[in-house]
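Below is one structure; the comments refer to it alone.
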Amino acid sequence: MSRVDLVITTGEPAGIGPEVSAQAAQAFLQEQEDVHITLIGDPTLFRDGPRHPRLQIESIKLNKPVTSGVLNPNNAAYVLATLDAAIAGCQTERFQAMVTAPVHKGVINQSGIVFTGHTEYLAAACGVQRVVMLLCANLPAGLMGLQSGLPLRVALTTIHMPLALVSAQITVKTVLETIEILHAGLKNQFGIAQPRILVAGLNPHAGEGGYLGSEESTTIEPAIAQAQQAGIRVEGPFPGDTLFDLRSLDRVDAYLAMYHDQGLAPFKLVAFNSGVNVTLGLPIIRTSVDHGTALDIAGKGVADAGSMLEAIRLAFQLARHRKTFIANASGA
């Protein structure tokens, strides 16, 4: 296989992003020979510098000096500049995938820049109307009775919005588009020929036949029916409190939740430090850690780089799958 070039944006400079990015990158380079990694950030954040011939730093200068654990709104533009550089590199195919360390939404907004999150920022930068957040983890054998290790994938129909606004966003169009994007991503990035998707309802007991809400019958069920007519293996809606059954993992490729905490609460219960966030629906591959900036431990040398390492591993795998998919589609 040809070499894969990955780029890592090292996130909020006062957080753990720079240190876990460097640690995980060097660990992955020891695992995999056919990869080159570029870290984007200010070189002063990497005290030891690159220690591998296939690891380099692409310099973007901080606006203000950094104190570990102390946020500074003056560096918000720097954080977004690292993202812009990585996006541009992926769009020109200099990089085959990007991995993002955590940023701090609050301090970016405090600087006067409206910022909802990585996912929305990437969608806007790539000119995409709808993207899907997919959380992935490899669950080990023995966890909650699992007989063997299995992948867990949970996608979200809505992402970062107040719960009071979610119902209005659950339309036939949004649910159907989310199912279609999830299905396509599982095929052309994860290499799953015929993915099977289970969908959650919005209301308790999936609406209890209309007594606890009507979104299931008016929007979710029609969207599922249209997806099925298009040949997608999708079922539901199922009650959110019974959908996530680990005993069904060997028969399910992804679960689709209606809102953020419905999907992420069960996911993080079993994969808090090992989950990876994937953005589907973009013309580029992006993975990320599933934790925050951890300001309280930044700079102390105790941060766990495990989630970043998993994000790099998955970015590499997805880049390989996409290359294979494109080659097969073109008849090469």
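Computed values, structure above
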| read-out | value |
| --- | --- |
| Environment charge of ILE108, counting only residues whose C-beta is closer than 13 Å and scoring Lys/Arg +1, Asp/Glu -1 | -1 |
| Per residue, in Å², the accessible surface of the stretch 199-313 once ligands and nucleic acids are set aside, probe 1.4 Å | 43 Å² |
| Cα-based shape type of the stretch 201-332, given that a ≥ b ≥ c are square roots of the gyration tensor eigenvalues and the cut on a/c is 1.5 | oblate |
| Radius 15 Å from Cβ of LYS61, net charge of other residues (Lys, Arg +1; Asp, Glu -1) | -2 |
| Under 5 Å, built H, 5+ apart or other chain: amide partners of VAL103 | GLU12 |
| Loop-exposed GluC sites (Glu not before Pro) per DSSP, neighbour cap 10 Cβ within 10 angstrom, longest uninterrupted part of the chain | 94-332 |
| Average accessible area per residue (Å²) across the stretch 97-144 - probe 1.4 Å, nucleic acids and ligands excluded | 41 Å² |
| Heavy-atom accessible surface of the chain: percent carbon and sulfur, 1.4 Å | 52 percent |
| Charge dipole of the chain about the Cα centre (unit charges at C-beta), most positive-ward option of GLY240, ILE297, SER59 | SER59 |
| Qualifying aspartates and glutamates (Cα of each under 20 Å from Cα of LYS173; at least 8 residues distant if same chain) | GLU120, GLU215, GLU216, GLU221, GLU235 |
| Net charge over other residues, Cβ less than 13 angstrom from the Cβ of PHE272 (K, R count +1; D, E count -1) | -2 |
| Note, ³J(HN,Hα) from phi for the stretch 203-210, Karplus 6.51, -1.76, 1.60, rounded to Hz, x at Gly and Pro | 9, x, 6, 6, x, 6, x, x |
| LEU163 paired with SER68, simple spin-label distance in nm, labels 7 Å along Cα-to-beta-carbon | 3.7 nm |
| The stretch 3-129 shape via C-alpha gyration tensor axes, a/c threshold 1.5 | oblate |
| Backbone N within the stretch 172-197 under 18 Å of label point (7 Å from SER2 Cα along the Cβ vector) | 189 |
| DSSP-defined antiparallel bridges as percent of all bridges, the chain, nearest 5 | 35 percent |
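The values are calculated or read from the model by the stated rules, or taken from the named source; none is laboratory data. Since this is a predicted model, take the numbers as computed values, not measurements. Counting neighbours? That spans all protein chains shown, and the Cβs are built from the backbone with ideal geometry, glycine included. To get the accessible areas, we keep the full protein, side chains included, count just its heavy atoms, and leave off ligands, DNA and RNA. Shrake-Rupley method; radii C 1.70, N 1.55, O 1.52, S 1.80 Å.
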